[in-house]
2 protein chains.
Amino acid sequence: MLCVSNGKAPTSHDVARLAGVSQSTVSLVFRGAASGRVGERTQRAVLDAARRLGFRPNADARRLRVGGPRMVLIAVPDIVNPFFARVFTGARAAAREAGYQVVLSVQRDLDSVAADVAGQQIDAVLACSLQDGGRPLEEPVPAVVLDAEPPQGQGSVRFDIAPALTELVDLLYRLGHRSIAHLRSEVRTATFRERTEAVDAACAQRGMRRVHAASALDLDGAREAAGALLSSADSGGRPSFTAVVCDDDVLSVGVYKAAQARGLSVPHDLSVTGIDNVDLATAVTPELTTVDLPGEELGATGMRRLIARLEPRGGAPAEAAPDPGRQDGESADGAGGADSGVGVRLPARLVIRGSTAPPADPAPRR
Amino acid sequence: MLCVSNGKAPTSHDVARLAGVSQSTVSLVFRGAASGRVGERTQRAVLDAARRLGFRPNADARRLRVGGPRMVLIAVPDIVNPFFARVFTGARAAAREAGYQVVLSVQRDLDSVAADVAGQQIDAVLACSLQDGGRPLEEPVPAVVLDAEPPQGQGSVRFDIAPALTELVDLLYRLGHRSIAHLRSEVRTATFRERTEAVDAACAQRGMRRVHAASALDLDGAREAAGALLSSADSGGRPSFTAVVCDDDVLSVGVYKAAQARGLSVPHDLSVTGIDNVDLATAVTPELTTVDLPGEELGATGMRRLIARLEPRGGAPAEAAPDPGRQDGESADGAGGADSGVGVRLPARLVIRGSTAPPADPAPRR
DNA sequence: GTGAAAGCGCTAACAT
DNA sequence: ATGTTAGCGCTTTCAC
């Protein structure tokens, strides 16, 4: 390719000059609007010149002119985590369906997300599972948060996890468990606080004993935490509890591992449960009783709500107030335009599998 | 917020008018270049007017003027698959380190990727695991492909998987296995063809018998395929092989499940191996002997090579040929500028865990 | 300290 | 069938 190498990328003007045509002809050819308007020979000449220069139309200039499709940014803390990947997938599908472009931002703190928003032409933000305590996003960008406390009047979609967790504790109770452990996540977000509250409440209501431990959300951390938990024995070298309720499927697998290392069998010696229902849950033996969290649906629902806010009414409101100098006074309240029902909850569903069973007899086994 | 609602987004001009200043002052304020140049009062007035109008600077216009940071697009077929997520993560990290922005494209076919490339201002493409047979990307965008046949002179980074697989088969051989099954992926990409070739060659070399089956890359498909494989029994209701080599960890879990359903114990009755070394591999019992595929490293290496091609030399070549009319003649060869060593291979490593053991005695167990 | 003016590369009327 | 022209919204000298 003919490398101009004067440091700047070739423009349609350069192509026009090389091809011996005007710049607008180049534009016509590259937009595909050339059929019937530009001659065969000319088109070929343009394409040829473009190839030789390595010309690529400047997308920024094009968008500045025509106004590109709307873009929404989806922020998740960790795309390797299958749960977030599913949320992203669901949100992305809903966005595309509505004709929106999607950009992904993998970022833990809100400030970095804000930077990404400023750097690109973002029309709205869908933020998943952000740490508590962040301010909303000082920019006036419509946003909805997923799986987190709604920062202001921002709109949120979360799981309604308490009923399923109550049901889960009740299942354990009916199986005969009277003392359980709760392996919690160290992460301090709203959803995990809610899980703790739900488990605590359900136990209290049934008069069940309950001990705690917290762990990082990975296999190694979970194994370690679970090991410590199981070692806190009191009755003849066996733990004081007969079931472990975990905040996440990964934690449950850690418990499996720790139990196994101690010669405890799941579910015979120890019942275990998780939350999430990822692939792991059916890969392990016995398969894990868990609470299904439909991630795709969370993402899709959030995205639909966000888009609904972006497109105020059914049609385009033909009313125009061409006087831009008018005042409105009140700007303190509802900067984002609070719509009805800020804060939707999606049902979580208990999935019963083989990891829960009646507790073993006091007689030591093995 | 004072909603102008004439259909168009407010511009810096609108803000200027409302604030009673000139447009360039608004620009100064919004770039933060205002300190010492614009008065306190004026700044406040500008910010205020902006807030009331809901003004957000147009990123496209800004980039058109200033020339934004370079962007590279990373294309993967499925972001929920943890392997691709890891590749993306590695590539993204390498890109950011070099000051590049990253956009993700989750797309199976190359044409959709091309559309994404055209829609945004993309300077380069990193494409992972694309289906065979696609043309390179007709646009003159520098690209490198990951885990796939390099389409042209495009540059590629792949795993060198054959040595580890040979080592794996050899391990099985030394443990006493003489007849194995190979559970392959249905997906017909270069990497899976190579896996088959490596396994076949290693078996042939050692005079081991080998049967085949193919499966979709998910748990259900794998369970089914593995079930069929195990049912193809010949000697007293037991399969004719004593080990199953799988193209992917997920397939291995399917074999675990199918074996379990038939009362076969892993590794006692059946040795099983995988490829990938995802979380699943250590979650199952016994832990899976597998071939580790460092996804992050694949992504990072590919991205570094791509960026190296984007930045030709150490410094900026001050030489300028201001005559744009000059010809160069040859454009047929090396359109992308083939650099040394198109086609890097990253080592894959055998990880031995508990799922491989000597085959059981002919005497039926259980 | 603030404003006027010249583009960035492209598109879309409107001429020719 | 092709060329001319006027911007899109912003940044950035250079005057005042």
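I'd like to check something: does the stretch A:110-123 contain any residue that is within 16 Å of DNA strand C (Cβ to nearest atom) and in contact with an Asp or Glu (Cβ under 7 Å, 6 or more places away or on another chain)? Yes, the stretch A:110-123 contains at least one residue that is within 16 Å of DNA strand C (Cβ to nearest atom) and in contact with an Asp or Glu (Cβ under 7 Å, 6 or more places away or on another chain). Of the candidates A:His182, A:His212, the single residue that is open to solvent by less than 30 Å² (accessible area, probe 1.4 Å) and in contact with a His (Cβ under 7 Å, 6 or more places away or on another chain) is A:His182. Within the stretch B:34-62, the residues that satisfy the criterion of being open to solvent by 30 Å² or more (accessible area, probe 1.4 Å) and near DNA strand D (Cβ under 9 Å from one of its atoms) are B:Arg37, B:Arg56, B:Pro57, B:Asn58, B:Ala61, B:Arg62.
Listed by position, the helices (runs of 4 or more DSSP H) contained in the stretch B:1-95 that have at least 3 residues being away from DNA strand C (no atom under 14 Å from the Cβ) and not assigned by TED's automatic domain parsing to the domain that holds B:Asp279 are B:40-53.
Against the test of being within 12 Å of DNA strand D (Cβ to nearest atom) and more than 8 Å from chain B (Cβ to nearest Cβ), the options A:Val76, A:Val29, A:Val87, A:Val72 yield a single qualifying residue, A:Val29.
Residue-wise test of (1) at pLDDT 95 or above; (2) farther than 21 Å from A:Ser355 by Cβ; (3) within 14 Å of chain B (Cβ to nearest Cβ).
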site	(1), (2), (3)
A:Asp170	yes, no, no
A:His182	yes, no, no
A:Ala201	yes, yes, no
A:Gly207	yes, yes, no
A:Ala222	yes, no, yes
A:Leu251	yes, no, yes
A:Val255	yes, no, yes
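Against the conditions (1) within 34 Å of the chain's Cα centre (by Cα); (2) over 25 Å from A:Ala59 (Cβ atoms); (3) more than 9 Å from chain A (Cβ to nearest Cβ), B:Pro82 satisfies every one except (3).
For the stretch B:257-277, the tally of residues that are open to solvent by 20 Å² or more (accessible area, probe 1.4 Å) and either touching a residue at least 12 places away in the same chain (Cβ under 8 Å) or hydrophobic (A, V, I, L, M, F, W, C) (or both) stands at 9. Scanning the stretch B:100-134 for residues that are in a loop (DSSP other than H, G, I, E, B) and open to solvent by less than 50 Å² (accessible area, probe 1.4 Å) turns up B:Tyr100, B:Gln107, B:Gln120, B:Gln121, B:Ile122, B:Asp123, B:Ser129, B:Leu130, B:Gly134. State yes or no: is A:Leu2 more than 16 Å from DNA strand D (Cβ to nearest atom), under 30 Å from A:Ala143 (Cβ atoms) and modelled with pLDDT under 90? No.
Restricting attention to the stretch B:116-135, the residues that are modelled with pLDDT under 90 and more than 14 Å from every other protein chain (Cβ to nearest Cβ) add up to 6.
The values are calculated or read from the model by the stated rules, or taken from the named source; none is laboratory data. A quick note: this is a predicted structure, and the numbers were derived from the prediction, not measured. Positions of Cβ are generated from backbone atoms using ideal geometry, with glycine treated the same way; all protein chains shown enter the neighbour counts. Calculation scope for accessible area: heavy atoms of the full protein, side chains included, ligands and nucleic acids excluded. Shrake-Rupley method; radii C 1.70, N 1.55, O 1.52, S 1.80 Å.
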